[in-house]
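Engineer: Mind having a look at this structure? Questions to follow.
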Amino acid sequence: MNGLMPGPVHDQFCNLQREINLKIVLADDHPLILAGVSTYIHRLPGCRVVATAASSDELINCLELIPCDLVITEFSMPMARIGDGLYLLSYIKRHYPKKWVIVLTMNEIPAVLYQISHSGVNGLLHKSDETPEIGKAIQSVSCKKPYMGSALRMLLQHGHDARIPTPRETEVLRLYAAGHNLDEISARLSRSKKTISLQKAAVMKKLGLRNDIALGRYCAAVSGDTNAQPESADWPFPRCLATLHTPWIRGAGGRMR
């Protein structure tokens, strides 16, 4: 799939009352979310929640043991053996390619949302969406049509220009995120400090990152390590920033179609 379409919502969905028995695994580390979404899903014709999970590891255990058709999962959850974020989504698509995946998230960083939408998932919802959006997403996905919730469509249409950072900009941000200051990067890359500063600012603007805190959250989200802190020795900035030059943005002029 080339990415979720942030365009108009499908007005016509296939009828869930046809002969289907959609088995769903629901994952979220907030008990109230699990209870509320599960209750809503049980009201949908042909749908039932067969298992719930509160962490990435619990979700993978469920998938290993319990047959299901659809996974609805939070993007950022506690983890131990299995990472969360994009690593979790990649793991599911590699090991369970026939399962549909809908992602729930509170994340509003455009760069992260673009990468989620191009990770092979079938649906993407923000937790601020109205509850019926879950039913629309399930209906659309069951008809093999990708679905993006209204809140994220608005954000991605108006909140980010989706330009891809240049290799030089990416290298500057990778080194900065790894703990090097501007003087050290300048000496290492044989560029002036002013040039390094401008390139850092440019790549952060392209990614929709307003400050270093947003940079830390972005790197944690795409790397699958939401618990590490920027000052930690194992803070995974270099690994996550290596994803910047994967084809996560498609379409003419660099814009997602």
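Nothing in this text is a laboratory measurement; each read-out follows from the coordinates by a stated rule. Here the structure is a predicted model, which means the values were calculated and not measured. When we count neighbours, we look across all protein chains shown, and the Cβ atoms used for this are built from the backbone with ideal geometry, even at glycine.
Engineer: Could you give the length gained on full extension between E184 and A201, defined as 0.36 nm per residue of separation minus the Cα-Cα distance, in nm?
Structural biologist: Working: separation 17, 0.36 × 17 = 6.12 nm, distance 1.66 nm.
Result: 4.5 nm gained on full extension.
Engineer: A follow-up question, please. In what sequence do K145, K194, K136 fall when counting other Cβ within 10 Å, fewest first? Each step should come with its number before you reach the end.
Structural biologist: On the way: K145 15, K194 10, K136 19.
The fewest-first ordering by Cβ neighbours comes to K194, K145, K136.
Engineer: Would you pull out the residues with amide H under 5 Å of A178's amide H, same chain only if 5 or more places away, H placed 1.01 Å from N?
Structural biologist: Result for A178 returns nothing.
Engineer: Over 24 Å between Cα atoms, which of K93/K206; K98/K145; K136/K206; K23/K145; K127/K200 qualify? Please list the in-between numbers first.
Structural biologist: Details: K93/K206 28 Å; K98/K145 14 Å; K136/K206 32 Å; K23/K145 18 Å; K127/K200 31 Å.
Going by Cα-Cα distance, K93/K206; K136/K206; K127/K200 fall outside the 24 Å limit.
Engineer: Right, something else. Taking every pair of alpha-carbon atoms in segment 22-158, give the share separated by more than 18 Å as a whole percent.
Structural biologist: Details: 4561 of 9316 pairs.
The proportion of pairs with Cα distances above 18 Å equals 49 percent.
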